[in-house]
1. Tell me whether the stretch B:323-332 contains one or more residues that are more than 19 Å from the chain's Cα centre (by Cα) and surrounded by 24 or more Cβ atoms within 10 Å (Cβ to Cβ).
2. Just give me the residues in the stretch A:43-72 being assigned to a helix (DSSP H, G or I) and over 18 Å from B:PHE331 (Cβ atoms), in sequence order.
3. In the stretch A:49-77, how many are in contact with a strand residue (DSSP E or B) (Cβ under 9 Å, 6 or more places away or on another chain) and over 20 Å from A:MET90 (Cβ atoms)?
4. Out of B:GLY179, B:GLY146, B:GLY80, B:GLY162, report the one residue that is under 30 Å from B:GLU265 (Cβ atoms), modelled with pLDDT under 95 and of a type outside the set (S, T, N, Q).
5. Taking B:PRO212 as meeting all but one of (1) crowded, with 21+ Cβ neighbours inside 10 Å; (2) within 26 Å of B:ASP269 (Cβ to Cβ), write down the number of the exception.
6. Considering only the stretch B:381-417, state which residues are touching a Lys or Arg at 6+ places or on another chain (Cβ under 8 Å), in contact (Cβ under 8 Å) with a residue 40 or more places away in the chain and within 17 Å of B:PRO303 (Cβ to Cβ).
7. Given A:GLY65, A:GLY44, A:GLY40, which one is more than 14 Å from every other protein chain (Cβ to nearest Cβ) and closer than 25 Å to B:ASN414 by Cβ?
8. Only one of (1) surrounded by 22 or more Cβ atoms within 10 Å (Cβ to Cβ); (2) touching an Asp or Glu at 6+ places or on another chain (Cβ under 8 Å); (3) closer than 22 Å to B:ASP138 by Cα is not met by B:ASN256, so which one is it?
Amino acid sequence: MKILLFVIFLLISVCKFAFSEEQQISDEQEIIAMGDIEYGEYLGSECAACHHQSGASEGIPSIHGMDAEVFVTLMLAYRSKLMENPVMQMIAGRLNNEQIGSLALYFSKLEPPK
Amino acid sequence: MSKISRRLFNTGLAAASVGTLAFPSISLGALPRVVVIGGGAGGATAARYIAKDSNGGVHVTLVEASKRYYTCFFSNIYLGGFRNYGSIGHNYYGLAVNQGVNVVHEWAVSVDPAARMVKLGSGNTIPYDKLVVSPGIDLKYDSINGYSAGVQDKMPHAWKSGTQVQLLRNQVMNMKQGGTFVMVPPPNPYRCPPGPYERVSMIAHQFKQSNPTGKIVILDPKPKFSKQGLFEAGWQKHYPGMIEWISSDTHGGLKNINASTMEFETDLDTFKADAACVVPAQKAGAIAMAAGVNDGDWCPIVPASMQSKADENIYVLGDASVAKSMPKSGFSANSQAKVAANHIRGALTGSKVFDARYSNTCWSLIAPDDDVKVGASYVAGAEAIDVESKFISQADDSSETRAANYQESIDWYNGITADMFS
């Protein structure tokens, strides 16, 4: 689990580095600002088919209470296929920035797993 | 009434009425009423989301005959000996107690669309403003000569989970050493496209341990099947020489089954089985026909909402619907239910209605830690639900990826069942 978290941290760092000054639209804060929490709740119902509130020690993690910026970074990484997993690449691949921001807002407000 | 007190009010009602009352005798005032028929992946999800997201603003009744629901998905995993039967069973207390859904354990026998009324087996009626029909499938026993409900215990279909799956597992475990198991998959369209082939994989896995000289013959009414390349490669790798898939092009069609001699007659040959699984053709569950929302065997829907094309107050979810490119799967039904729930709440309470978006993923276990998956996202076209993007496991996936897929499928099972029942 520690290794997994470290890999995610590394990927996030790489992703942040990968987005150049010209790609300001991909800035996490800007994307979160585009979000609508009600829309995020609707879109998030798709995530709930797999992401259990309590999460798992391996496999599919809980995304309840996830920091909004981390959420956006991860989704951008899946969208650009920097992170592997065909299901997540497919899910993120059809989300625009407003939708990612909406999901980030919604999940960040939920109670994290105990 | 405040949201909270209204919620408690409904919760109390629901808890009191689980399995006992057809509908509450206390006046419900002006609350809009939704009735959901069928407590599977489509119906349970729809009931849960409408109740949860309306915060007590909609009175939701779920009509489901079974008090305990055994999922069809993962029933093959049970067949392979990877889970016990109890682990695929779920009850409706979460929906009643946590979400305030009025759960009624009865059969819905007819629908009067003009009066907007559902009639139950007890003779009681339940009025609705919006009706969700999510009955799953019925089997067309007469689609195969010689097969019938009368012989289904001798040659289980086991395609609606429940005791049929337990029966099939017993027959697999007790098949004579070196005997032949015959699998007859259904013709298209049917519930769970990769299901028959995952089932064969799981039976082969069991035979490898308890009956290593046992054989499996698949008499397919189709010339090809879902994830075919992945399954065939997996069978070759894990069960060499054990499984023979015979396409309809080769056997020329299944002419007759003799249940007493366990013989399967085709143009090519007559096959004698020591145990068998026969899955006939399928159609929408009977209540969909009774509601008049079918066109032939299945129910056409409006792609943007899952409303029936025959009646705007009736929504049809899951296997019973004509969702075109979306497969008939629990994942699909769960996805469709959320679109319908959002649409229904909008119609009844004025809440915001968002664009329909659908997705599906099907995992199939071939052998321990060798799991493959296929999935797609979909959009509502004018006439049909259309594929937006899709993926499938690759033949050269690493063993780590295949093992991770299996772990992912277990997590998905926990996720979707919580999404249906909690």
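1. Checking the stretch B:323-332: not a single residue is more than 19 Å from the chain's Cα centre (by Cα) and surrounded by 24 or more Cβ atoms within 10 Å (Cβ to Cβ).
2. Of the residues in the stretch A:43-72, the ones assigned to a helix (DSSP H, G or I) are A:43-47, A:68-72.
Scanning the stretch A:43-72 gives A:ALA68, A:GLU69, A:VAL70, A:PHE71, A:VAL72.
3. Adding up the residues that qualify gives 0.
4. One residue alone meets the criteria, B:GLY162.
5. With respect to (1) crowded, with 21+ Cβ neighbours inside 10 Å; (2) within 26 Å of B:ASP269 (Cβ to Cβ), B:PRO212 is out only on (1).
6. B:ALA384, B:ILE385, B:ASP386
7. Unique residue meeting the criteria: A:GLY65.
8. For B:ASN256, the exception is condition (1).
The values are calculated or read from the model by the stated rules, or taken from the named source; none is laboratory data. In this text, all values refer to a predicted model and were calculated from it rather than measured experimentally. Ideal geometry is used to build each Cβ from the backbone, glycine not excepted, and the neighbour counts take in all protein chains shown.
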